[in-house]
Amino acid sequence: MGAGVVQKGGGGGRRGRRRGRARAMSEINITPFVDVMLVLLIIFMVAAPLMTVGVPIQLPKTAATALPTEKEEPLTITLAPDGKVLIQKTEINPNDLIPKLQAVAAERTDKKVYLRADGSIPYARVAQVMGALNAGGFRDIGLVTDPDGPKLNGSGG
């Protein structure tokens, strides 16, 4: 059996000095990156539905079904309860509606337009705007309504 020498403490020349020095990391730590991406994902998931809010109007209720969605963002004309006319979300003077529509029609491939009119707007005003849409180059007009309305057979709400 042999006897060995055991040194305690830090008194061993170069070996003791090396322990205090930090070594360069050769690995990439992606945990902070993943954390930031998850936070951004949550923010966009919460904010995305808020970006589609339009002008608040009370749409009439009908029994009609929804139209299929298109590839291009649909053009929307809104008749607000206070009489304002809006293209998408931009208010426009009713006298300038036809020239603006002609300019928009020249740039778009899809000639479909959606008309959102408040239920309190007189039918004559809606018909006037539909005539302006036709004169502006849009022949395919979809009237936007809320579903689950009266079905004209006594049922529905």
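Read-outs throughout are calculated quantities, based only on the coordinates presented, and are distinct from any laboratory measurement. Given the structure is predicted, the values throughout are model-derived calculations rather than measurements. Reconstructed Cβ throughout: ideal geometry from the backbone, glycine too, with neighbour counts over all protein chains shown.
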Problem - Where a residue in segment 132-146 is farther than 13 Å from Ala117 by Cβ and in contact (Cβ under 8 Å) with a residue 40 or more places away in the chain and its partner, wherever it lies, is among the small types (Gly, Ala, Ser) and not in a loop (DSSP other than H, G, I, E, B), with Cβ under 9 Å and at least six apart - result: Phe138/Ala105
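If you go through segment 111-127 one residue at a time, do you hit one that is out of contact with any Ser or Thr (no Cβ under 6 Å at 6 or more places or on another chain) and of a type in the set (Phe, Trp, Tyr)?
yes
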Fill in the blank from the handout: How many residues of segment 112-126 are surrounded by fewer than 15 Cβ atoms within 10 Å (Cβ to Cβ) and either touching a Phe, Trp or Tyr at 6+ places or on another chain (Cβ under 7 Å) or under 10 Å from Leu75 (Cα atoms) (or both)? The answer is 0
Practice task
Could you tell me which residue of segment 140-157 is surrounded by the fewest Cβ atoms within 10 Å (Cβ to Cβ), considering only residues that are touching a Lys or Arg at 6+ places or on another chain (Cβ under 6 Å) and in a loop (DSSP other than H, G, I, E, B)?
Solution key: Gly149
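Condition test on Gly137, is it assigned to a loop (DSSP other than H, G, I, E, B) and on the phi > 0 side of the Ramachandran plot?
Yes: the conditions hold for Gly137.
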Fill in the blank from the handout: Flagged in segment 109-132 as farther than 20 Å from Asp82 by Cβ and part of a helix (DSSP H, G or I), in numbering order, are Gly131
